[in-house]
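The structure under discussion appears below in the form of C-alpha cells.
The values are calculated or read from the model by the stated rules, or taken from the named source; none is laboratory data. For clarity, every value in this text was computed on a predicted model and none was experimentally measured. Every residue, glycine among them, receives a Cβ derived from its backbone with ideal geometry; neighbour counts consider all protein chains shown. Only protein heavy atoms, including side chains, enter the accessible area calculation; ligands, DNA and RNA are left aside. Shrake-Rupley method; radii C 1.70, N 1.55, O 1.52, S 1.80 Å.
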Amino acid sequence: MTTTTVDLFASALHFHPDGHVRAAERQMTSSSSGAWQIAAFHVETDADVHADHWEMHPEAEEAVCCLSGGIRLYFRPDVPDGAEDMVRLQVGAAVVVPRGRWHRLELDAPSDLMSITLRDGTRLERRTTH
C-alpha cells in the first residue's frame, strides 16, 4: 500500500461504512455515499460560509471546529419569532450541531474551519430575515 498525504484545504477525507478512507472532492450539498466527510476550509467573508443560508443534516450530528480566527454559529429558532441561539468559537474550540438542527455561520475574522459530518440528505434554505 502506498501512503500519501492529503491537503484537507483542497479535498476531503471520506470515511466509508466498510472501513475504507479515501480522499475525495469536498461536498457541501447532499450526498448519498454513506461516507462521513472531514474537510477543512479557509474562509475570508460571511459569503464563504453561506451566512445567508440555514443548513441542516438529517442523518447525523456535525462537529464544527475553529482552527484559526473566530466564528459565530447560529441555531434557527424552534418557534416562530423566536431568537436565534448563538455559540462563539475561538481557536481550538468545537461545537456539535445536533442532528436535524438548522444552523448557519458568521465570521469574527478570516478563519480556518473543520467540518465533520455525514452529508447524506443535507439541506440548505435561504435565510429570510437578517
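Grab the strands (runs of 3 or more DSSP E) fully contained in the stretch 91-130, keeping just those with 3 or more residues being of a type in the set (Ser, Thr, Tyr). Steps first, answer last, please.
Values: elements: 94-97, 103-118, 123-126.
So the answer is 103-118.
If a residue must be under 19 Å from Arg101 (Cα atoms) and open to solvent by 20 Å² or more (accessible area, probe 1.4 Å), how many such residues does the stretch 39-71 contain?
8
Can you pull out every residue in the stretch 78-90 that is surrounded by fewer than 13 Cβ atoms within 10 Å (Cβ to Cβ) and not in a strand (DSSP E or B)?
Asp78, Val79, Pro80, Asp81, Gly82, Ala83
For the stretch 32-48, what are the residues that are hydroxyl-bearing (Ser, Thr, Tyr) and within 10 Å of Asp120 (Cβ to Cβ)? Don't jump to the end; show me each part of the working.
So in the stretch 32-48, the residues hydroxyl-bearing (Ser, Thr, Tyr) come out as 32-33, 45.
Matches in the stretch 32-48: Ser32, Ser33.
Filter the stretch 11-34 for residues that are in a loop (DSSP other than H, G, I, E, B), open to solvent by less than 70 Å² (accessible area, probe 1.4 Å) and modelled with pLDDT of 90 or more; which is nearest to Arg119 (Cα to Cα)?
His16
Being out of contact with any helix residue (DSSP H, G or I) (no Cβ under 8 Å at 6 or more places or on another chain) and of a type in the set (A, V, I, L, M) is the filter; apply it to the stretch 109-124 and report the residue that is surrounded by the most Cβ atoms within 10 Å (Cβ to Cβ). First the steps, then the outcome.
Taking the stretch 109-124 as the starting set, the residues that turn out to be out of contact with any helix residue (DSSP H, G or I) (no Cβ under 8 Å at 6 or more places or on another chain) are 109-112, 114-124.
Going one step further and asking which of them are of a type in the set (A, V, I, L, M), we end up with 109, 114, 116, 118, 124.
Values: Ala109: 10, Met114: 16, Ile116: 19, Leu118: 21, Leu124: 15.
Only one residue fits best here, namely Leu118.
Just give me the residues in the stretch 91-108 being open to solvent by 60 Å² or more (accessible area, probe 1.4 Å) and touching a Lys or Arg at 6+ places or on another chain (Cβ under 8 Å), in sequence order.
Matches in the stretch 91-108: Asp108 only.
Which of the residues spanning the stretch 49-65 are closer than 18 Å to Glu125 by Cβ and among the acidic types (Asp, Glu)?
Of everything in the stretch 49-65, those that are closer than 18 Å to Glu125 by Cβ and among the acidic types (Asp, Glu) turn out to be Asp52, Glu55, Glu59, Glu62.
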